[in-house]
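Nothing in this text is a laboratory measurement; each read-out follows from the coordinates by a stated rule. Predicted model only: the values in this text are computed from it and were never measured. Note: ideal-geometry Cβ built from the backbone for every residue, glycine included; neighbour counts use all protein chains shown.
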Amino acid sequence: MSRTRLSKALGLAHSRSEKSGKPYAVILFSIDRFRLLNHRFGYAVANRVLNRVAETARLTLGRGRTVGRWGSDEFLCLLPDCEPREVIGRARALADAISGLVIPAGSEVINVTASFGTASSPDNGATVQELMNAADEALLQAKSHGRNRVFSAADLPNRIFKMGAVLEAALREDRVVPAYQPIVDLVTNRVVAEEALARIVTVDGLVLAADEFIEAASQFRLTYKIDWTVLLSALARHQHRPAGITHFVNISSDLLRHPRLLIELLASAKLHFVPDLPGIKPFVIEVTERELLDNTKLTRERLAPFLEFGMQLALDDFGSGYSSFQYLADLPVSFLKIDGRLISRIHEPKVRSIIRGIQAVASELNITTLAEYVETEQQVDILRQVGVRWAQGHFFGTAVVDESVAEQRRAMSVNWAQGYYYLKPVVVPAP
């Protein structure tokens with residue numbers, strides 16, 4: 001069964017559950033290390049494994065249960081009229097059945113295992129989306145705890161779900177806004193750029209930093225919506241400050257997996273400003289080395305239209321553990337952001353030598369270096385000695401939200417909660 005049909009079946013099961021008062025449950029599971037299997041044996045054998053696993057799931061769960069592909073190596077099982085305790089037992093039986101499979105592959109045989117996340121409605125989610133978020137988080141926990149195991153959403157800490165609900169409400173009510181942190185030229189001591197960083201403004205007057213909700217965003221696959229919102233706001237700010245400064249904004253691998261949104265972002269950029277006009281400063285897209293590690297070719301293809309339009313590319317977190325100078329040869333990098341963990345140790349001779357080496361390569365390639373998380377005057381002095389050109393961090397200023405925007409969004413949120421209609425300034429489309 002396809003994901004589209006599964007989604008319809010989920011919606012129907014949820015409606016029936018609300019009317020009857022009987023619970024229903026889902027099992028979300030994925031084949032462990034499927035990519036390695038696919039790489040070793042090829043597409044035909046990998047597809048055979050998928051078919052055998054799907055068949056095993058249908059036979060093990062029995063009649064009245066719906067099984068289908070939810071992702072590349074993920075399967076969703078829908079169990080109507082199923083109690084929470086029962087779904088855990090069903091998942092464990094399915095785990096045993098899958099681990100007992102013997103699948104021929106030429107002269108070899110394949111044994112596979114799977115990781116499982118279970119969730120029950122209404123205990124783990126009052127809506128279909130909440131239920132699937134819970135099952136997805138449980139599956140991730142099963143993987144992170146060693147794979148080949150069952151993890152129930154009932155055993156998850158409440159914090160991640162509470163923050164997921166906060167984030168979903170903030171996105172729905174346009175309370176995800178950028179905070180702008182200054183970037184300073186270490187030669188002139190002038191602010192030459194700023195980075196847009198995601199924040200949530202709450203209705204009670206607080207501002208939540210990204211580290212408070214980014215885990216929930218990743219677990220519930222909402223990162224692309226955050227990127228979309230912050231990018232549009234940064235583009236609008238850039239448009240209205242033609243004689244201003246350079247803007248840096250992040251694009252995650254999650255957003256790169258949504259090509260339609262990238263097309264709409266580029267259309268918005270072309271509508272708002274022309275990069276080569278006098279006085280217009282560059283608009284810089286940041287990607288981390290982790291994004292490049294996942295798929296350098298795809299990242300380059302998805303970003304190419306933005307770079308051709310006149311935007312520039314920054315490689316973020318350089319030196320964070322994945323560093324490869326091959327990226328600098330293959331990509332049109334204009335800025336190299338040195339990872340803050342290196343900067344925090346710049347007083348150490350070995351680390352200082354590493355940063356000096358990075359700076360030498362960047363200078364040869366005409367790439368501007370930018371130190372992140374600069375906290376002390378000592379770090380600033382050493383960075384100047386090494387030759388790093390730009391820097392950002394609390395020493396120069398924290399990321400600040402425009403309070404007039406924050407108050408406007410809070411007021412709009414109150415109107416939304418009270419059922420009043422208003423025209424939302426940013427609409428996040430479905431992927």
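With R₀ fixed at 51 Å, the C-beta to C-beta distance from residue 9 to residue 375 puts the FRET efficiency at about 0.45.
Could you calculate the contour length gain from residue 298 to residue 108, that is, 0.36 nm times the residue separation minus the distance between their Cα atoms, to one decimal place in nm?
Details: separation 190, 0.36 × 190 = 68.40 nm, distance 3.31 nm.
Between residue 298 and residue 108, full extension yields an extra 65.1 nm.
For q values of 0.08, 0.09 Å⁻¹, compute log₁₀ I(q)/I(0) with the Debye formula on a Cα-only model of the stretch 3-160, without solvent. Log10 of I(q)/I(0), two decimals: -0.22, -0.28. Across every direction, the projection of the convex hull enclosing the Cα atoms of the stretch 80-217 has a mean area of 14.7 nm².
By DSSP, what percent of the beta bridges with both residues in the chain are antiparallel, rounded to the nearest 5?
Values: 36 of 62 bridges.
The antiparallel fraction comes to roughly 60 percent.
Put one equal scatterer on each alpha carbon of the stretch 170-408, apply the Debye formula with no solvent term, and list log10 I(q)/I(0) at q = 0.11 1/Å to two decimals. Results for the stretch 170-408 at q = 0.11 Å⁻¹ read -0.57. A viscosity of 0.890 mPa s and a temperature of 25 °C, combined with the Kirkwood radius over C-alpha pairs in the Stokes-Einstein formula, give the chain a diffusion coefficient of 101 µm²/s. Packing, as the average of other Cβ atoms within 10 Å across residues, places the peptides 187-200, 104-117 in the order 187-200, 104-117, highest first.
The simple Förster model, with R0 at 45 Å and r as the Cβ-Cβ distance, assigns residue 408 and residue 123 a FRET efficiency of 0.75. Distance between the pseudo-spin-label points of residue 54 and residue 266 (7 Å out from Cα toward the beta carbon): 3.3 nm. By other beta-carbon atoms within 10 Å, ranking 247, 258 with the fewest at the front produces 258, 247. In this label model, residue 47 and residue 147 are separated by 2.4 nm, measuring between points 7 Å along each Cα→Cβ vector. Measuring between their Cα centroids, the stretch 66-133 and the stretch 248-265 lie 31 Å from each other. A straight Cα-to-Cα reach below 25 Å connects residue 8 with the lysines 19, 22, 225, residues fewer than 8 places away in its own chain not being considered.
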